[in-house]
1. For segment B:112-142, name all the residues that are loosely packed, with under 13 Cβ neighbours inside 10 Å, of a type in the set (Asp, Glu) and assigned to a helix (DSSP H, G or I).
2. Would it be correct to say that B:Leu43 is out of contact with any Ser or Thr (no Cβ under 8 Å at 6 or more places or on another chain) and more than 30 Å from B:Leu130 (Cβ to Cβ)?
3. Give the residue that is modelled with the highest pLDDT, with candidates limited to residues of segment B:160-183 that are among the polar types (S, T, N, Q) and surrounded by fewer than 17 Cβ atoms within 10 Å (Cβ to Cβ).
4. Mind checking which pairs have a first residue in segment B:157-172 that is without any contact (Cβ under 8 Å) to a residue 24 or more places away in the chain and farther than 20 Å from B:Asn82 by Cβ and a second that is part of a helix (DSSP H, G or I) and open to solvent by less than 50 Å² (accessible area, probe 1.4 Å), Cβ under 8 Å, 6 or more apart or different chains?
5. With the condition kept exactly as written, say whether any residue in segment B:64-76 is open to solvent by 50 Å² or more (accessible area, probe 1.4 Å), within 30 Å of B:Phe125 (Cβ to Cβ) and in contact (Cβ under 8 Å) with a residue 24 or more places away in the chain.
6. In segment B:25-63, what residues are buried (at least 20 other Cβ atoms within 10 Å of the Cβ), under 11 Å from the mean Cα position of the chain (by Cα) and within 20 Å of A:Leu15 (Cα to Cα)?
Amino acid sequence: MDEKVFDMEMRGRELPFSVPEGYFERFAEEMERSIAPQKRPVWALARPIFTAAAVFAGLIAVSYLVFTLQRGIVPQTDDYMPVRQEYAEIIADQFDVLQLEDILSGEEE
Amino acid sequence: MDNSRLDDLLPKLMDARERAGAFSSLVRLTQERLYWHVRKMVLVHEDANDVLQNTYMKAWRSLGSFRGECQIYTWLYRIATNETLTFLASQRMKNVSSPVDYEDVMLSRMEADVYYEGEEMQRKFQRAVLSLPEKQRLVFNMRYYDEMKYEEISEITGTSVGALKASYHHAVRKIEQFVRDED
């Protein structure tokens with residue numbers, strides 16, 4: 001193969017490409033930044049602690065809310081309530097108001 | 001490029017404390033040649049920039065596994081070549097359903113690139129080079145533009161010198177034929 005003839009026909013080995021001005025300097029700097037160890041800011045170091053605290057506080061808040069709602073929605077059950085009411089009525093029947101006042105004031109009929 | 005300066009960097013690259021500084025020097029020493037190696041294959045500046053970044057990041061991550069069986073520059077060239085071929089394969093896949101030929105897509109992207117300054121003759125020549133299969137185009141570029149020795153190309157591509165010579169000669173014939181047919 002006659003490379004010389006070929007070169008002349010193809011107008012040499014010039015490339016029709018260029019690069020932006022200062023490209024190689026910027027590229028080298030960019031690579032330096034890419035491989036540099038990343039310094040983590042203080043807030044980034046404290047972030048796991050804050051996250052754990054927030055999760056814990058959230059859990060407590062949700063538990064409290066659930067507990068409060070349950071107490072508000074479900075009526076308090078008291079098996080002895082009818083008995084107590086009946087007993088109160090019996091007592092009330094046995095005393096009228098005046099008697100009760102006398103008893104409370106310590107005077108006998 | 002000064003190979004002795006690259007050889008001097010090798011012990012520093014192997015030392016974890018000095019690695020980052022030595023790698024920066026390695027980038028500064030090799031970036032231009034690697035860039036043009038990639039650019040001749042991908043044609044568009046932005047693509048060449050992406051491939052070059054990937055090349056150096058891969059090299060940085062693999063430095064620990066570099067055993068010094070070959071020169072550091074040959075090793076980098078190999079990574080750049082693999083990254084370039086991977087990039088071209090992915091571009092070809094993206095274009096697989098397009099009715100337009102992949103070579104035409106590449107050519108129009110090259111012409112649309114603001115960092116392309118070719119005239120009609122160079123466009124015709126690039127078109128002829130693009131008509132080669134990718135691996136043959138790679139060999140052609142390394143030999144024709146970079147004037148690399150067949151032995152060097154062989155080390156980078158893992159192909160025998162005889163096969164490379166044949167590949168280059170076929171490439172030249174095809175390009176000559178292509179240019180003749182276009183005229």
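1. The one that is loosely packed, with under 13 Cβ neighbours inside 10 Å, of a type in the set (Asp, Glu) and assigned to a helix (DSSP H, G or I): B:Glu120.
2. Values: out of contact with any Ser or Thr (no Cβ under 8 Å at 6 or more places or on another chain): yes; more than 30 Å from B:Leu130 (Cβ to Cβ): no.
No.
3. Residues of segment B:160-183 among the polar types (S, T, N, Q): B:160, B:167, B:177.
Subset that is surrounded by fewer than 17 Cβ atoms within 10 Å (Cβ to Cβ): B:160, B:177.
Numbers: B:Ser160: 96, B:Gln177: 88.
Once the filter is applied, the top-ranked residue is B:Ser160.
4. Close Cβ pairs satisfying both conditions: B:Val161/B:Tyr150; B:Val161/B:Ser154; B:Lys165/B:Tyr150.
5. Checking segment B:64-76: not a single residue is open to solvent by 50 Å² or more (accessible area, probe 1.4 Å), within 30 Å of B:Phe125 (Cβ to Cβ) and in contact (Cβ under 8 Å) with a residue 24 or more places away in the chain.
6. B:Leu34, B:Tyr35, B:His37, B:Val38, B:Arg39, B:Lys40, B:Met41, B:Val42, B:Leu43, B:Ala48, B:Val51, B:Leu52
Conditions (1) surrounded by 12 or more Cβ atoms within 10 Å (Cβ to Cβ); (2) at pLDDT below 90, marked per residue:
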site	(1), (2)
A:Asp7	yes, yes
A:Phe17	yes, no
A:Glu25	no, no
A:Phe56	no, no
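The values are calculated or read from the model by the stated rules, or taken from the named source; none is laboratory data. Every value quoted in this text rests on a predicted model; they were computed, and no experiment measured them. Virtual Cβ from ideal backbone geometry, glycine too; neighbours counted across all protein chains shown. For the accessible areas, the whole protein counts, side chains as well, though only heavy atoms, and no ligand, DNA or RNA atoms are used. Shrake-Rupley method; radii C 1.70, N 1.55, O 1.52, S 1.80 Å.
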